[in-house]
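Asks: One structure is given below, represented as structure tokens, and several questions about it will come after.
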Amino acid sequence: MILIDGKKEAANLREELKKEVSQLKTKYNKVPSLTVILIGDLTPSQIYVRNKEKSAKEVGLKSEVIKYPDRVEETTILNKIHELNKDETVSGILVQLPLPRHINKKKVIEAIIPEKDVDGFHPMNVGNLSSGYESSVPCTPLGCYLLIKKVEPNLSGKKAVVIGRSNLNGKPMTQLLLKENCTVTITHSKTKDLKGECLKGDIVVAAVGIPELVKGDWIKKDSIVIDVGINKTEKGIVGDVAFEEVSKIAKAITPVPGGVGPMTIACLLKNTIECFKRLQS
Ligand code: NAD
């Protein structure tokens, strides 16, 4: 069984990105820069943003965090985004989610120009991804995709089952696997026979948010299992996959923690660099 080491893969990716940033600096005499907007004082968001800033600096990117109090007006945020859109020194803009309830998420996502949308949430990027065109791709599914490709470089003709249909994870994951010529089944809370669907998968990606939902007898022998879930339980953080059982059946599996999580931030840095390069051309 291959334990897919997301920490190691993310460190390797950061190393590659660091070299690329250094080459870009030589070529353009400037480095990509990421601006994160953080609203309110939700602890997990603060931790994510701090980690994003630390990783950005590590690979040589410029990074800035703009903080607003919880009660900030929506127009203040939209005006700041418009300003950052026009700022030539900014390559990528990210507004940390979730947002306070009085701020319209759709408006915020659509305010960021697609060229600087490092999260890949803008409808233009979503459309480009589904059309098979160049686009920013949401960081978590991009990280999953890179991990799957490390284990199995040729995915053509493989059966993939994605559990969860969120815009953040399930849907973009489906598009990435489709682009690799997988036959993809996307399942969700209304799927009739989830176990039966999972058993058909050469690749199973679980992005649900239910602790250890996917059991050992849901998985075909020698499949690749990617666990996106992060669930707080009495026994600590667990994924959406019953790791002990599934790891006895699968060919390869990501642990939680230490699997998909570390790749997400590394992919954000990758997206920032891609945005920078597209803005130069
Ligand atoms: P979401 O709540 O937006 O979507 C969950 C999806 O699961 C929905 O499409 C729903 O239809 C489906 N679902 C719910 N119950 C189901 C069931 N019983 N059977 C089958 N499908 C079911 O969640 P999300 O934002 O996509 O996040 C999913 C999980 O991934 C969460 O645990 C979240 O914390 C985690 N996550 C991890 C990372 C990371 O970096 N590793 C990033 C984002 C999210």
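The values are calculated or read from the model by the stated rules, or taken from the named source; none is laboratory data. The structure presented is a predicted model; accordingly, all values stated were derived computationally and were not measured. Heads up, the Cβs are rebuilt from the backbone with ideal geometry, glycines too, and the neighbour counts pull from every protein chain shown. The protein model used for the area step is the full one, side chains on, heavy atoms only, and it has no ligands, DNA or RNA in it. Shrake-Rupley method; radii C 1.70, N 1.55, O 1.52, S 1.80 Å.
Asks: So what is the relative contact order for the stretch 29-113, in percent, with contacts set as C-alpha pairs under 8 Å and at least six apart?
Replies: 41 percent.
Asks: Quick one: helix 139-151 against the long Cα principal axis of the chain, what's the angle to the nearest 10°, folded into 0 to 90?
Replies: 50
Asks: A further question on this structure: Just how large is the dipole of the stretch 68-186 about the Cα centre, in debye to the nearest 20, putting +1 at every Lys and Arg Cβ and -1 at every Asp and Glu Cβ? Please list the in-between numbers first.
Replies: Numbers: 15 positive and 13 negative charges, 118 e Å.
Approximately 560 debye in magnitude.
Asks: I've got another one for you. Which distance in Å, rounded to a whole number, links the C-alpha centroids of the stretch 1-45 and the stretch 48-107?
Replies: 16
Asks: Sticking with this structure for a sec: Which one, 268, 94, 194, has the greatest fluctuation when you compute a Gaussian network model over the chain with C-alpha springs under 10 angstrom?
Replies: Per the Cα network of the chain with a 10 Å cutoff, 194 tops the list.
Asks: State, as an integer percentage, the relative contact order of the chain based on alpha-carbon contacts under 8 Å between residues 6 or more apart. Could the numbers behind the result be given before it?
Replies: Numbers: 557 pairs, mean separation 59.5, N = 281.
That works out to 21 percent.
Asks: If you don't mind, another one. Using alpha-carbon pairs under 8 Å, 6+ residues apart, how would you state the relative contact order of the stretch 1-158 in percent? Walk me through the numbers on the way to the answer.
Replies: Working: 177 pairs, mean separation 30.8, N = 158.
The normalised contact order for the stretch 1-158 reaches 19 percent.
Asks: List the pairs from 18/106; 25/171; 25/52; 248/270; 7/67 whose alpha-carbon separation is above 31 Å, in the order I gave them. If you can, show how the numbers build up before the last one.
Replies: Details: 18/106 33 Å; 25/171 35 Å; 25/52 21 Å; 248/270 33 Å; 7/67 28 Å.
Too far apart for the 31 Å limit: 18/106; 25/171; 248/270.
Asks: Next question. Give me the accessible area per residue for the chain, probe 1.4 Å, as a whole number in Å². Don't skip to the end; give the middle numbers.
Replies: Values: 14190 Å² over 281 residues.
For the chain, the solvent-accessible area averages 50 Å² per residue.
Asks: Residue-wise, which Karplus ³J(HN,Hα) couplings in Hz belong to the stretch 171-186, taking 6.51 cos²θ - 1.76 cosθ + 1.60, θ = phi - 60°, and x for glycine or proline?
Replies: 5, x, 4, 4, 4, 5, 6, 5, 4, 8, 6, 7, 9, 10, 10, 9
Asks: Something else: Please return the longest range in the chain lying between exposed loop sites, taking GluC sites (Glu not before Pro), DSSP loop only, at most 13 other beta-carbon atoms within 10 Å, and leaving the sites out.
Replies: In short, 135-233.
Asks: Moving on to the next point. Each residue of the stretch 123-128 in turn: what ³J(HN,Hα) in whole Hz from Karplus with 6.51, -1.76, 1.60 and θ = phi - 60°, glycine and Pro shown as x?
Replies: x, 5, 5, 4, x, 4
Asks: How far is it, in nm, from the label point at residue 245 to the one at residue 18 when both lie 7 Å from their Cα along the line to the Cβ?
Replies: My value for the distance between the label points is 4.1 nm.
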